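Notes follow once the structure below has been shown.
Laboratory data are not the source of any read-out in this text; all were calculated from the coordinates shown. Predicted, not measured: the structure shown is a model, and the values here were computed from it. No Cβ is skipped: glycine too gets one built from the backbone with ideal geometry, and neighbour counts run over all protein chains shown.
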Amino acid sequence: MAYTSGSFDVHVTGRRVVGTIVDAVLLGCLGGVVTQIFGSESTGSGFSYTRLSTGGSLLLFVVAVLYYTLLEGLTGRTVGKLVTGIRVVDQSTGAAPGFGKALVRTLLRIIDGLFGYLIAFIVVLASSHRRRLGDMAARTLVVRA
């Protein structure tokens, strides 16, 4: 679905927060599975816990990058965005952003996600089109679907 210029409803900050939580829970569950497969048992100070091996951490990072890049690039939506009724669009065409723009958005999550996505939240609230740093760099918008 493409939007015409000027018809973007970018006032979806609450939906973005909920969508981010849904995606985090989904990726967290996946991380639990990866930890069970690639984790290593550790003990310290009388406590036993499983931590993710280096290979497992790299695998989880790659899966997360692919999750966001493929889903947002092709459809403009992750599971969290689908559930909350929002999508990512190219700011100039209104279409799904494509892989390049989706990858830029995804890689900048490293900065946007600092302090539990507090950086992204502040930037979204302060920007005129409710965009986080990843959206600004990729020239995308998050809009109502």
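Take the conditions (1) in a loop (DSSP other than H, G, I, E, B); (2) under 11 Å from the mean Cα position of the chain (by Cα); Leu103 misses just one of them, which is (1). Here is the figure for the range 74-94: residues that are outside any loop (DSSP other than H, G, I, E, B) and of a type in the set (Ser, Thr, Tyr) total 2. Applying the selection to the range 112-145, what residues are closer than 20 Å to Gly73 by Cβ, out of contact with any helix residue (DSSP H, G or I) (no Cβ under 6 Å at 6 or more places or on another chain) and either polar (S, T, N, Q) or in a helix (DSSP H, G or I) (or both)? Correct list: Asp135, Met136. The residues of the range 99-133 that are surrounded by 15 or more Cβ atoms within 10 Å (Cβ to Cβ) and aromatic (Phe, Trp, Tyr), listed by number, are Tyr117, Phe121. Among residues of the range 117-145 that are of a type in the set (Ser, Thr, Tyr), those with a beta-carbon under 7 Å from a residue that is outside any helix (DSSP H, G or I) and buried (at least 17 other Cβ atoms within 10 Å of the Cβ) at least six positions away or on a different chain give the pairs Thr140/Val88; Thr140/Val89; Thr140/Asp90; Thr140/Gln91; Thr140/Pro97. Contact annotation: residue pairs with Cβ atoms under 8 Å, 6 or more positions apart or on different chains, pairing a residue in the range 59-78 that is farther than 10 Å from Ala96 by Cβ with a partner that is of a type in the set (Ser, Thr, Tyr) and outside any helix (DSSP H, G or I), are Tyr67/Thr78; Tyr68/Thr78.
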